[in-house]
Amino acid sequence: MSINAKLGDILRAVTRTGADFADMYFEIAASHSYAFEDGSFEEISSSSSEGVGARILLGEATSLAYAPGVALETGASCLHEAAEHSGLSLPCRRMPAIRVMEREPPFPTPEYAFFYDLDKRIKASSMWIRQVSMNLDTAFKSFSVFNSDGSIAGDRRLYTIFSVEVVVEKNGILQTGYESEAFSVDSGEFFRTVSPFKVAQRALSRALLMLDAPQCPAGAMTVLLSGEAGGTMIHEACGHGFEADIIQKDYSVYRDKIGKQAASSLITLVDDGSIPGYLGSGSFDDEGTPCKRNVLIEKGVVRSYISDIASSRRGALPLTGNGRRSSYRSVPQPRMTNTYIEPGDSSPVEMLHSMNRGLLVKKMGGGEVDPTSGDFVFHVTEGYLVEGGRVLHPVRGAVLTGNGPDVLMNIEAVGNDLHFLPGMCGKSGQSVPVTDGQPSLLVGNLTVGGANTCDDAIFE
């Protein structure tokens with residue numbers, strides 16, 4: 001009997017004992033990480049792992065058991081352990097200690113000597129620089145997943161992420177600029193298309209720009225979210241609300257909204273894990289479901305949620321290819337992949353010219369979001385005051401406060417541009433790579449926090 005047949009046989013045995021579903025997930029992974037600060041490496045680390053996680057669904061409960069190694073014997077042992085946790089008894093059946101996955105060749109170490117030269121070149125660019133920090137992370141994950149429904153799937157993913165943070169100081173004022181690039185490729189291919197120096201230059205330019213900028217005024221105003229600002233707001237304030245487990249726990253404002261208007265008719269929101277080269281992409285999700293394009297909002301109307309196997313079975317939802325886990329030690333969850341708003345028909349220049357008074361946001365920073373309500377607070381790391389359709393000057397200290405669903409309802413125009421930014425998304429102690437995207441968005445009456453009350457004098 002083949003390995004696949006043996007695995008299929010033992011998984012079906014679990015369902016015959018009363019389980020609703022069972023699967024085994026075998027994974028081989030490796031990574032290299034470099035952290036450089038103040039002219040030297042703070043950390044250089046490499047890791048590799050092999051392991052298997054066996055999961056059983058029974059009613060509302062999920063049982064997971066995991067162990068290092070990718071042998072058939074190890075997988076069977078984990079499945080027996082998960083069955084015991086579920087109150088089930090599997091017949092003892094000895095499995096051979098043969099590998100389910102082939103060994104991977106050594107994961108190549110990326111070139112990192114350029115950090116020293118890059119540090120010197122950037123510091124020579126400005127007398128105001130106080131600190132330069134750089135990070136390079138490269139990783140791969142290869143997996144095979146088998147489930148009790150008879151499906152078998154697998155995938156191999158690569159990630160390379162490079163980021164630069166520059167701190168500048170002038171007259172006691174500190175400003176920080178941050179920039180990153182990331183693609184689902186190995187480091188060699190990554191650096192054939194990405195210039196580390198240009199990434200660092202963009203970070204420095206943003207920090208210097210904010211040094212001499214006055215404080216942003218406060219008040220309700222029209223805000224133009226540039227496509228370059230990235231889709232952070234859409235991801236955090238809206239996207240998580242479409243994850244089926246959050247929907248089913250009644251933590252989402254989008255619960256029971258299928259077929260109902262929840263955004264401006266200008267908005268079509270998509271999650272697509274099949275886009276080649278993006279961090280959230282793959283052929284299959286971590287449960288073996290094919291990754292695909294899912295329309296969450298179509299012209300303002302909610303069309304679907306994103307699901308994994310557990311939430312799909314619990315709520316009779318279609319599988320969307322969004323079952324993701326950070327490793328074999330973790331339970332899959334419904335997670336976003338590459339989430340974005342489709343471009344519209346408006347020119348960003350025309351959108352700017354239509355503004356009387358307001359704020360142009362070119363880059364978003366961190367913030368806080370309440371996924372239950374969609375309420376958010378986001379920091380603006382690059383913003384400009386606008387008056388009479390033209391940019392006046394940069395401002396610092398701007399904070400956007402509002403509600404994600406309300407923002408989507410108050411969209412006045414959607415740009416014909418579309419920009420994507422990579423990142424890592426955390427949920428329930430797990431972190432997975434994602435990509436967020438948006439075109440330019442013109443939002444009416446958004447609350448901007450800053451130094452003053454928004455009145456005529458501020459714009460003079």
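The values are calculated or read from the model by the stated rules, or taken from the named source; none is laboratory data. Everything quoted here is computed from the prediction, not taken from an experiment. Neighbour counts are summed over all protein chains in view; Cβ atoms, including those assigned to glycine, are modelled from backbone coordinates with ideal geometry.
Within region 291-350, which residues are closer than 25 Å to V52 by Cβ, of a type in the set (G, A, S) and in contact (Cβ under 8 Å) with a residue 60 or more places away in the chain?
Selection gives S307, A310, S311, S312, S326, S327, S330.
Provide a single number: the residues in region 364-406 that are buried (at least 17 other Cβ atoms within 10 Å of the Cβ), among the hydroxyl-bearing types (S, T, Y) and touching a Phe, Trp or Tyr at 6+ places or on another chain (Cβ under 8 Å).
Residues flagged as buried (at least 17 other Cβ atoms within 10 Å of the Cβ), among the hydroxyl-bearing types (S, T, Y) and touching a Phe, Trp or Tyr at 6+ places or on another chain (Cβ under 8 Å) within region 364-406 amount to 1.
Kindly evaluate A61 against the criterion of being surrounded by fewer than 21 Cβ atoms within 10 Å (Cβ to Cβ) and under 28 Å from T109 (Cα atoms).
Answer is no for this residue.
When you check S205 against the structure, is it outside any helix (DSSP H, G or I), at negative phi, surrounded by fewer than 21 Cβ atoms within 10 Å (Cβ to Cβ) and modelled with pLDDT of 90 or more, yes or no?
Taking the combined requirement at face value, the residue does not satisfy it.
Counting only residues that are small (G, A, S) and surrounded by fewer than 23 Cβ atoms within 10 Å (Cβ to Cβ), which one in region 263-274 is nearest to G437 (Cα to Cα)?
If we take residues in region 263-274 being small (G, A, S) and surrounded by fewer than 23 Cβ atoms within 10 Å (Cβ to Cβ), then S274 is nearest to G437 (Cα to Cα).
Please give the number of the condition G277 fails out of (1) at pLDDT below 95; (2) buried (at least 17 other Cβ atoms within 10 Å of the Cβ).
(2)
Do we find a residue being more than 20 Å from D271 (Cβ to Cβ), in a strand (DSSP E or B), in the same structural domain as K292 (by TED's automatic domain parsing) and in contact with a helix residue (DSSP H, G or I) (Cβ under 8 Å, 6 or more places away or on another chain) anywhere in region 335-344?
no
Going through region 34-58 one residue at a time, which ones are crowded, with 19+ Cβ neighbours inside 10 Å and in contact with a helix residue (DSSP H, G or I) (Cβ under 9 Å, 6 or more places away or on another chain)?
Residues satisfying the conditions are Y34, F36, G51, V52, G53, A54, R55, I56, L57.
Which residue out of F190, F197 is outside the structural domain of P371 (by TED's automatic domain parsing), in contact with a Ser or Thr (Cβ under 6 Å, 6 or more places away or on another chain) and surrounded by fewer than 23 Cβ atoms within 10 Å (Cβ to Cβ)?
Unique residue meeting the criteria: F190.
Quick one: S281 ticks every box in (1) touching a Ser or Thr at 6+ places or on another chain (Cβ under 7 Å); (2) part of a loop (DSSP other than H, G, I, E, B); (3) without any contact (Cβ under 8 Å) to a residue 40 or more places away in the chain except a single one, so which number is it?
With (1) touching a Ser or Thr at 6+ places or on another chain (Cβ under 7 Å); (2) part of a loop (DSSP other than H, G, I, E, B); (3) without any contact (Cβ under 8 Å) to a residue 40 or more places away in the chain applied to S281, the lone miss is (3).
Taking Y384 as meeting all but one of (1) over 23 Å from E243 (Cα atoms); (2) among the hydroxyl-bearing types (S, T, Y); (3) touching a residue at least 60 places away in the same chain (Cβ under 8 Å), write down the number of the exception.
It is condition (3) that Y384 fails.
Applying the selection to region 310-332, what residues are surrounded by 23 or more Cβ atoms within 10 Å (Cβ to Cβ) and either under 14 Å from V270 (Cα atoms) or not small (G, A, S) (or both)?
Selection gives T320, G321, N322, R324, R325, Y328, P332.
Does region 253-266 contain any residue that is at pLDDT below 95 and either acidic (D, E) or closer than 25 Å to F146 by Cα (or both)?
For region 253-266, residues at pLDDT below 95 and either acidic (D, E) or closer than 25 Å to F146 by Cα (or both): present.
Step by step: first the residues of region 103-124, then only those that are acidic (D, E) and modelled with pLDDT of 95 or more, then the one that is surrounded by the fewest Cβ atoms within 10 Å (Cβ to Cβ). Which residue is that?
That would be D117.
What tally of residues in region 152-202 results from selecting those that are in contact (Cβ under 8 Å) with a residue 12 or more places away in the chain and part of a loop (DSSP other than H, G, I, E, B)?
4
Out of all the residues in region 49-67, is one or more over 24 Å from G154 (Cα atoms) and among the basic types (K, R)?
No, that holds for no residue.
Which of the residues that make up region 23-42 are farther than 24 Å from R157 by Cα and modelled with pLDDT of 95 or more?
Hits for region 23-42 are F36, E37, S40, F41, E42.
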